[in-house]
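Undergrad: This is the structure, below, for whatever I ask next.
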Amino acid sequence: MIEDPNGFGFIRHNVRPLKPRKVGVTEIRGPYYSAMGKRHLEDVFETMGYHVDGVKFAGGSFSLFPEDRLREMIDLCHTNNAYVSTGGWIEHVLTQSDAHSAVDRYLQKCKEVGFDVIEVSSGFLSIPPDDWLRVVDRVHNAGLIAKPECGIQFGAGGDTSAEELESFGTSDPAKIIQMGKRFIDAGVERIMIESEGITENVKSWRTDVIQQILRDLPPEKVMFEAADPPVFNWYIREFGAHVNLFVDHSQIVQLSCLRTGIWGMADTFGKITTFP
């Protein structure tokens, strides 16, 4: 357990569960839009480490790192009691000519360098549900944690324009619910919900999808991508400080202020509270 080192604890604020948390989990995006090395990540942990539960590499960015630097960053996360996720690169691995061998070698290497979580996304692939579950089992059998990423928007997770995504259409939210239940039965700890098609690259937010997910799946088993301050402000306002969220590393301060109830926008300032 890591205790809250806040020296201003005598000022009223929401007390967060201690790490490792099961609710109110915050995963931050590491290198993707811009470079991030050990020194940058050290700054994040030295100032906001108590509020960071996990770090996610995105878009296969880790595959471009010198291995010794990648190991340093992963070790730094572990030193600060934060798990490390690959992000959704397995979609690229699955397209290799010998997918079985490629997946096994990928998982072996990820475990060797220290990754904890393998994100199993399918935003760019059409994969049968049973095959998706077999990939999850493969991850678990390798001694790693599988984190499926589900969404209603095909082509999500990249730099596709909003107009092109809209032309693809969206899938029935029931698909997330059905697969989510199967993933939970398969031992999945947490499911990532892709924001595109729900709160990103849409003309209006699909709050009905979010409500349906949290109605039919255990909240502690779900994490929502909330890459913009108005989005995570809405999640905290609607579902409270303990909703699990994924944000960019640049937003960890703003989100943590919101969770603890010490700051917010006009609709959340002074209005977010917990009952420990």
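The values are calculated or read from the model by the stated rules, or taken from the named source; none is laboratory data. All values derive from a computational prediction rather than experimental measurement. In this analysis, Cβ positions are derived from the backbone assuming ideal geometry, glycine residues included, and neighbour counts consider all displayed protein chains. Side chains are part of the model used for accessible areas, which takes the heavy atoms of the whole protein and leaves out ligands, DNA and RNA. Shrake-Rupley method; radii C 1.70, N 1.55, O 1.52, S 1.80 Å.
Undergrad: Return the carbon/sulfur percentage of the accessible area of the chain, one whole number, probe 1.4 Å, all protein chains in place. Before the final figure, lay out each step's value.
TA: Values: 7010 of 13190 Å².
Answer for the chain: carbon and sulfur cover 53 percent of the accessible area.
Undergrad: If the limit is 28 Å between Cα atoms, which of 19/203; 38/181; 19/175; 19/147; 19/181 go over it?
TA: Values: 19/203 37 Å; 38/181 37 Å; 19/175 32 Å; 19/147 19 Å; 19/181 26 Å.
Long pairs (Cα-Cα over 28 Å): 19/203; 38/181; 19/175.
Undergrad: Ok, one more. State the answer as a single residue: which of 41, 99, 79 lies farthest towards the positive end of the charge dipole of the chain, with beta carbon charges of +1 for Lys and Arg and -1 for Asp and Glu, about the Cα centre.
TA: 79
Undergrad: Once you place label points 7 Å from the Cα toward the Cβ at residue 273 and residue 68, how far apart are they in nm?
TA: 5.5
Undergrad: Continuing with this model, one more query. Please give the charge dipole size of region 92-133, origin at the Cα centre, charges +1 on K and R Cβ atoms and -1 on D and E Cβ atoms. Round to the nearest 20 debye. Walk me through the numbers on the way to the answer.
TA: On the way: 3 positive and 7 negative charges, 29 e Å.
That gives region 92-133 a dipole magnitude of about 140 debye.
Undergrad: Convert each backbone phi in region 258-270 into a coupling constant with the Karplus relation 6.51 cos²θ - 1.76 cosθ + 1.60 (shift: θ = phi - 60°), then list the ³J(HN,Hα) values in order as whole Hz, x for Gly and Pro.
TA: 5, 4, 7, x, 9, 7, x, 8, 4, 8, 10, 4, x
Undergrad: Please state the charge dipole magnitude for region 219-276, taken about the Cα centre, from unit charges on C-beta atoms (+1 on K and R, -1 on D and E), reported in debye and rounded to the nearest 20. Mind showing how you got there, number by number?
TA: Working: 4 positive and 6 negative charges, 41 e Å.
The calculated dipole for region 219-276 is roughly 200 debye.
Undergrad: Let me ask you something else. Within region 11-33, whose backbone N sits under 18 Å from a point 7 Å along Cα→Cβ of residue 214?
TA: The answer is 17, 22-27.
Undergrad: On to the next question. What order do 92, 40 take when sorted by accessible area (1.4 Å probe), most exposed first? Mind showing how you got there, number by number?
TA: On the way: 92 95, 40 75 Å².
Output order, biggest surface exposure first: 92, 40.
Undergrad: Give me, ordered by chain and number, the residues 5 or more places off residue 84 or on other chains with an amide H under 5 Å from its own placed amide H.
TA: Under 5 Å from the amide H of residue 84 lie the amide H atoms of 55, 116, 117, each far enough along the sequence or on another chain.
Undergrad: Please work out the average accessible area per residue across the chain, using the 1.4 Å probe convention, and give it in Å².
TA: Heavy-atom accessible area per residue stands at 48 Å².
Undergrad: Mean-square fluctuation check for the chain, GNM, Cα pairs under 10 Å: which of 199, 260, 207 is largest?
TA: Per the Cα network of the chain with a 10 Å cutoff, 207 tops the list.
Undergrad: Compute and list, largest first, the equivalent-ellipsoid semi-axes of region 201-274 from the alpha carbon gyration tensor, each √(5λ) rounded to a whole angstrom.
TA: Values: eigenvalues 74, 41, 31 Å².
So the equivalent ellipsoid measures 19, 14, 12 Å along its semi-axes.
Undergrad: 5 Å is the cut-off here: which amide hydrogens, built 1.01 Å from N in the peptide plane, fall below it relative to residue 151, excluding neighbours closer than 5 in sequence?
TA: 194
Undergrad: What FRET efficiency would be calculated for the residue pair residue 43, residue 221, taking the C-beta separation as r and a Förster radius of 41 Å, to the nearest 0.05? Write out the running numbers ahead of the final one.
TA: On the way: r = 32 Å, r/R0 = 0.78.
After rounding, the FRET efficiency stands at 0.80.
Undergrad: Further question on the same structure: Computed over the Cα atoms, what is the radius of gyration of the chain divided by 2.2 N^0.38 Å, N being its residue count? Please report the intermediate quantities before stating the final value.
TA: Details: Rg = 18.3 Å, N = 276, 2.2 N^0.38 = 18.6 Å.
Relative to the rule-of-thumb radius for its length, the chain sits at 0.98.
Undergrad: For the pair residue 203/residue 178, report the inter-label distance in nm, with labels modelled 7 Å from Cα in the Cβ direction.
TA: 2.8
Undergrad: Dipole magnitude of the chain about its Cα centre, charges +1 at Lys/Arg Cβ and -1 at Asp/Glu Cβ only, in debye to the nearest 20? Working shown, then result.
TA: Working: 28 positive and 39 negative charges, 161 e Å.
It works out to roughly 780 debye.
Undergrad: Of the DSSP beta bridges with both residues in the chain, give the percent that are antiparallel, rounding to the nearest 5.
TA: Numbers: 2 of 26 bridges.
If we restrict to bridges inside the chain, about 10 percent are antiparallel.
Undergrad: Counting helices only, and only those DSSP H runs with n ≥ 4, report the 222 nm mean residue ellipticity of the chain as the sum of -39,500 (n - 2.57) divided by its residues, in deg cm²/dmol to the nearest 500. Numbers along the way, then the final one.
TA: Numbers: 10 runs with 105 residues, N = 276.
Only helices count here, giving -11500 deg cm²/dmol.
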